[in-house]
Amino acid sequence: MTTLHIVLSDLEVTHAIFTKVSLLQKRLSADIVWYLHHHQRFFDRHYFANELATISSNLQANHSDKISQVKTKINKHFPESKITICQDKYWANNVNDNAATQDPRVIIRSTSGLTSADHQYISHNKHTVFILSQQKWLAEGKAIGAIDPFHADDSDNKSDVKVFNFIRQWASVTEKKEPCLLHVIHIPPLAIEYEKKIETLHKEHVYRFAKKVKCPIDLVSFTRGTPEHALLTYINDNNIDVIALGCREHSLFDKWLNGSTISALITHQNTDLVLLNTP
């Protein structure tokens, strides 16, 4: 049974988020657990326990009221879901304790970037993670899976297989008429004289992968450039709502969150991100 574990780090929730979660619940036939992250680092400062103790009490009371308002909204839209209040500095333990289901999906709601608690969870993530913006979908959840058969540490293409399986579950490949897999061909300036050979090699590997997973080649698309810029351009030009990427557990934080690809995609307000971890 799939369970959606939805973390609201800033306690902000909009109609667009409820709509997305509702569609995710239907597509994945999932149960839902909400996590309201109660801890505010602001209150850890020593003066709130001393000179500003009265102000601290008032602010925390207002914060508790906000939590109550969010709970009321959630119960109105998802009366069958569960709600957990996370009071620890990092919410990862709360989620991991409850994410012992067969197919857990963790959803992090982001407006203007991820919190330190969000980063802490993703860097040690072992589950599928959705990073949702507050923006509504432009095309009812139109999705694309980014693949790269050239991963040096993934010769069996486990990450790409996971991406394809997610896309296949998201929308039946047999019914799709638009590309569902995307590969970025990056040719650095110093290799431009071998452009045709490199492009041919990329396409051969990608088509071989498509054949392996029984994906029609007309559902595979290619774009050129550095991954972060090429993906963003494709997303904008094709009204993509959701992009799925595979990632290796050991490189998730160092290679991606500290790199440019994931950071660029996270800040793209109209596109949601799915990180599919491959141990």
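Every number here is computed from the coordinates shown, using simple stated rules; none is lab data. Small disclaimer: the values here were computed from a predicted structure and weren't measured. FYI the Cβ positions are ideal-geometry reconstructions off the backbone, even for glycines, and counts take in every protein chain you see.
The listed peptides 13-24, 159-170, ordered by packing as a protection proxy, come out as 159-170, 13-24 (highest mean of other Cβ atoms within 10 Å first). Which FRET efficiency value, to the nearest 0.05, is calculated for residue 221 and residue 19 with the Förster distance at 25 angstrom and r the Cβ-Cβ distance? Efficiency for this residue pair is about 0.40.
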